[in-house]
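Taking it in order: structure first as C-alpha cells, then the write-up.
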Amino acid sequence: MSMDRNLALELARVTEAAALDAGRWVGKGDKIAADAAATEAMRRTLDAMDICGTVVIGEGEMDEAPMLYIGEQLGRGVDGECAVDIAVDPLEGTNICSKGTNGAIATIALAPRGGFLHAPDMYMDKIVTGSAGVGVVDIQKSAGENVEALAKAKGCNPQDLTVALLDRPRHDKAVAEIRNAGARCQLFGDGDVAAAIASAIDDSGIDMMIGIGGAPEGVLTAAAIKCLNGFMQGRLVFMTEEERVRSRSMGIDDFDKIYSAKEMAKGDVFFAATGVTNGDLVRGVRYFPGGAKTHTVVMRSQSRTIRFLETLHYFDHKPGFNS
Ligand code: VTB
C-alpha cells in the first residue's frame, strides 16, 4: 500500500501539539497531569487527520485508559481511506517531565494496517545502534563483546564509544562489562526511545543503547530505526504467566523470538518525536512571550527522509489552542 507522504508533516503537528501542552507541566511534579495533557493534545490532532486509524500501541486497554487506548479508532478518513495502525507514547518519560530533567519526548509512529508488532505492556530486551552494527553486534553476545565488535566495525577504540542504558540494577552486569571493555556508560533515569534513536544518529554522542525497557517503547523505537537504516534487535522478556497469555492473545506465539526493526514495524512507516525537555535527540519546548519554539524529528522509511524541524508557534493565531 502506498502511503501519502504528507503524513510525515501531519505527524509533526501531532507531536508538536502534545509537546506544547505537556511542556506546561515540565518540573511541576505532576506526571499524571503532564501525561493527560500530552494525550489529549495528541488525540485531538490525530482525530483531525484524513486517516482511518486504529491505535495498536497506546495508553492501555480500553477499560484502563480514557483515550488513545488500544483499539481506539481515530481520524476523519471515510470508507477505509488511508487505513493505518498507530503507535503512540504521548509523553515518553513522564517522570523526566515532572522533574524537569533531560530526555522527555512526545512520540508517534504510523504503519499500514497490520504493520506493528502488537506488543503488550511488558518488558523487552533491546540493542540499538547505527548501521555500523549490522552483522556486527548481537543481542545474544555479552555487552562487553558488543562494545568490542562495534569499536572494530567503527574503526575506533572502545574508549571512544558511549553506551546508553536505563539506570536500573538489572543492568549492573552489562554496565560493569562495558566499563571493563573500556567504553563509557550514559546511565539515564527514563526514556529509552529517545536514547535508542540517538544511538542510531551520527554525532548524537551515543553509539549504542542496550538493556531492558518497555516493549511498546521498543515498537516505537523500531519504526524510527527502520527509517534511519540503523540496527535493532528486541526480545520480549516474560515475567509472569499472565504476560504469556496476553501475548498469545495478541498474536505472539514464539516467546524467544529475536525481532529486527523491520519485523516490529513493517511496510512504509512514519515516525515523529518532539522534545518536551532537552535531550540528545531533540531540544525541549522553549516558551517566549506569546508563543513557543519546538524541536521535532520526523521520518519516513520509504523515502528515508529524516527532517529536523524547529517550529515557532504563536498562540494568539491558534484559536482553541490550550497553550
Ligand atoms: C521503561 C522504558 C521507558 O520507563 O518502560 C521504563 O522503556 C520503565 O522501566 O522509556 P522500570 O519498570 O524499570 O521503571 C521508561 O523509562 C519511561 O516510560
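Here, each number is a calculation from the coordinates, and none is a lab measurement. Quick caveat: nothing in here was measured; it's all calculated off a predicted structure. A quick note on method: Cβ atoms are made from the backbone with ideal geometry, for glycine too, and the neighbour counts reach across all protein chains shown.
List of remarks:
- A Gaussian network model of the chain, with springs between Cα atoms under 10 Å, assigns the largest mean-square fluctuation among Ile57, Ile127, Ile252 to Ile252.
- Near Gly211, the amide H atoms lying under 5 Å from its own belong to Lys126; only residues 5 or more places off or on other chains count, and H is placed 1.01 Å from N.
- For the pair Val78 and Asn180 in one chain, pulling the backbone fully straight at 0.36 nm per residue adds 31.0 nm over the alpha carbon distance.
- By DSSP, the beta bridges lying fully in the chain are antiparallel in about 80 percent of cases.
- Within straight-line cross-link reach of Lys266, lysines at Cα separation under 23 Å, skipping those fewer than 8 residues along the same chain: Lys126, Lys226, Lys257
- Region 123-264: relative contact order in percent, alpha carbon pairs under 8 Å with at least 6 residues between: 33
- 10 Å Cβ shell holding at most 14 others, DSSP loop, GluC sites (Glu not before Pro): longest site-free stretch of the chain: 82-323
- Among Val136, Val285, Val297, the residue with the largest mean-square fluctuation in a Gaussian network model of the chain, with springs joining Cα atoms closer than 10 Å, is Val136.
- Pairwise label distance in nanometres, Leu187 with Glu242, each label 7 Å out on the Cα-Cβ vector: 3.0
- Region 117-160 and region 1-47 have Cα centres lying 30 Å from one another.
- Antiparallel DSSP beta bridges within region 123-264, percent to nearest 5: 70
- Note on Arg43, Arg5: ascending count of other Cβ atoms within 10 Å places them as Arg5, Arg43, the fewest first.
- The H on the amide N of Ala83, modeled in the peptide plane, is under 5 Å from the matching H of Cys52, each at least 5 residues off or on a different chain.
- Amide hydrogen neighbours beyond the local backbone of Cys185, cut-off 5 Å, H modeled: Val163
- Across the chain, the relative contact order, built from alpha-carbon pairs under 8 Å that are at least six residues apart, equals 21 percent.
- Under the membrane-span-like helix rule (DSSP H runs whose alpha carbons stretch at least 15 Å along the helix axis, mean Kyte-Doolittle hydropathy -1.0 or higher), the chain yields 7-23, 31-47, 143-154, 215-228.
- Summed over qualifying helices (DSSP H, 4 residues or more, each -39500 (n - 2.57)) and divided by its residue number, the chain shows a 222 nm mean residue ellipticity of -9000 deg cm²/dmol.
- Proxy reagent accessibility, fewest Cβ within 10 Å first, across Met250, Met122: Met250, Met122
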